[in-house]
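Working notes, structure below.
The values are calculated or read from the model by the stated rules, or taken from the named source; none is laboratory data. Remember, it's a predicted structure, so these values are computed and weren't measured experimentally. We place every Cβ from the backbone using ideal geometry, glycine too, and count neighbours over all the protein chains shown. The area values use the complete protein model at the heavy-atom level, side chains included, leaving out ligands, DNA and RNA. Shrake-Rupley method; radii C 1.70, N 1.55, O 1.52, S 1.80 Å.
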Amino acid sequence: MLSGGVADDSLSALDRIDNAIARIEAAVTARVRADAAATRRHEALRSRVSQAIAALDTLIAQGSDD
């Protein structure tokens with residue numbers, strides 16, 4: 001198109017920008033998935049800890065009745 005490779009340089013720069021945007025979008029998607037997975041693990045752990053505390057409360061209550 002233009003002499004001296006200016007069009008080629010511009011296309012190359014646009015390609016690099018597009019590639020950078022694609023990498024950023026992929027990183028954001030991966031981060032969102034990781035955050036969602038961490039949230040699920042946190043909620044599961046919270047539930048198990050609550051159940052364990054409830055079981056301990058039951059045992060303590062039964063022990064104090066004796």
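Whenever you get a sec, compute what percent of the accessible area on the chain sits on carbon and sulfur atoms (1.4 Å probe).
The C+S portion of the solvent-accessible surface of the chain is 61 percent.
So how much slack lies between Ala26 and Arg46, counting 0.36 nm per residue of separation and subtracting their Cα-Cα distance, in nm?
4.2 nm
Using the Cβ atoms and a cut-off under 12 Å, what net charge is assigned to the surroundings of Glu25, where Lys and Arg are +1 and Asp and Glu are -1?
Value of the local net charge: +1.
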